Amino acid sequence: MRFIKFLSIVSLLPGLIACAAINEDQTSGWSAEQLYQEAREALDSGDYERAIENYTKLEARYPYGRFAQQAQLETIYSHYKAGESSSALAAADRFIKLHPRHANVDYAYYLRGLTTFDQSKGFLSDLFNLDPAKRDPAGVRESFNYFKELVTRFPDSRYSPDALKRMTHLRNTLASHEVQAASYYLERGVYLAAVNRGKYVLENYQQASAIPDALVIMVKAYRQMGMHDLAADALRVLALNHPEHPELPALSATAANTPSAAEGE
């Protein structure tokens, strides 16, 4: 009986040894450079989880030196490419805090903007939302502010030109959101809210493509409230800066038959 039990134990040994070999960390004893090269190869091949795993091991075993700092930077990118937005932002914030004067810290700022930019892509995809005024553009603003911080702190960064292009897109997105909300209020007779949304676009998103439409809404809302002088001012700005707007002729024709405040007296 004891002999049979001994044979059973002996028969299990190869499997136990194999399991131990599988669980053994193959990178044990590797240098910082070896770990970095392994992580980099994984990153280049699109195996982002393996890259993150090896970057984490590198930083844990060799927390000082250029390989650790480079691993921290590339960890941000790995999380970003893996679609792990929260982890990418946390890693970027950590790098900026730990290495504010690093030669490549601008890259961490840039990756923060990219991560939130991708999150905001679908913000205006539903143009027929029943209540566009209630959509929250916080993510778009966050991305805009991240890129703005990059170009403000590092105007000569290699990433600033692309950041500026993305800021233009984000600014137009935010302005379009405000105009959609203004139009929503105008259609429902909430004229003061419509005017305020239009004014917000003029004051905060200069050169945005939605500015002419904001002015049109302001003209219409002011007229509905009987504020014809203010409507005339908005119409004058529209005619001066955007003479090609398709609604300008009709608005101008209506203005010719609309009494001013002085005439009303």
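The values are calculated or read from the model by the stated rules, or taken from the named source; none is laboratory data. None of the values given here were measured: they were computed from a predicted structure. Note: ideal-geometry Cβ built from the backbone for every residue, glycine included; neighbour counts use all protein chains shown.
For the subset of the stretch 155-199 comprising residues that are part of a helix (DSSP H, G or I) and of a type in the set (Ser, Thr, Tyr), which member is farthest from residue 228 (Cα to Cα)? Quick ask: steps written out before the conclusion?
Step one: of the stretch 155-199, the residues part of a helix (DSSP H, G or I) are 160-187, 191-199.
Right, trim to of a type in the set (Ser, Thr, Tyr) and you get 160, 168, 173, 176, 183-185, 191.
Numbers: 160: 44, 168: 33, 173: 30, 176: 25, 183: 19, 184: 21, 185: 19, 191: 13 Å.
Among those residues, the one meeting the criterion is 160.
The helices (runs of 4 or more DSSP H) found entirely in the stretch 1-84 that carry 3 or more residues being modelled with pLDDT under 85 are 2-23.
If we keep just the residues of the stretch 135-161 that are of a type in the set (A, V, I, L, M) and modelled with pLDDT of 95 or more, which is nearest to residue 108 (Cα to Cα)? Once the filter is applied, the top-ranked residue is 150. In the stretch 130-156, the residues that are under 12 Å from residue 112 (Cβ atoms) and of a type in the set (D, E, K, R) form Cβ pairs under 9 Å with partners that are at pLDDT below 95 and surrounded by fewer than 20 Cβ atoms within 10 Å (Cβ to Cβ), at six or more places apart or across chains, as follows: 142/119.
Answer with yes or no whether residue 229 is surrounded by 21 or more Cβ atoms within 10 Å (Cβ to Cβ), in contact (Cβ under 8 Å) with a residue 24 or more places away in the chain and of a type outside the set (A, V, I, L, M).
Against the criterion (surrounded by 21 or more Cβ atoms within 10 Å (Cβ to Cβ), in contact (Cβ under 8 Å) with a residue 24 or more places away in the chain and of a type outside the set (A, V, I, L, M)), residue 229 does not qualify.
Take the conditions exposed (fewer than 15 other Cβ atoms within 10 Å of the Cβ), modelled with pLDDT of 95 or more and of a type in the set (Lys, Arg) and apply them to residue 97. Does it pass? When the stated conditions are applied, residue 97 passes them. I'm trying to understand the selection: among the residues of the stretch 39-52, which are within 20 Å of residue 25 (Cα to Cα) and surrounded by fewer than 17 Cβ atoms within 10 Å (Cβ to Cβ)? Within the stretch 39-52, 40, 41, 47, 49, 50 qualify.
Give the residues of the stretch 142-173 that are of a type in the set (Gly, Ala, Ser) and surrounded by fewer than 16 Cβ atoms within 10 Å (Cβ to Cβ), sorted by residue number.
Step one: filter the stretch 142-173 for residues of a type in the set (Gly, Ala, Ser), giving 143, 157, 160, 163.
Selection gives nothing.
Residues considered: 32, 82, 60, 71. Of these, the only one that is under 20 Å from residue 92 (Cα atoms) and buried (at least 18 other Cβ atoms within 10 Å of the Cβ) is 71.
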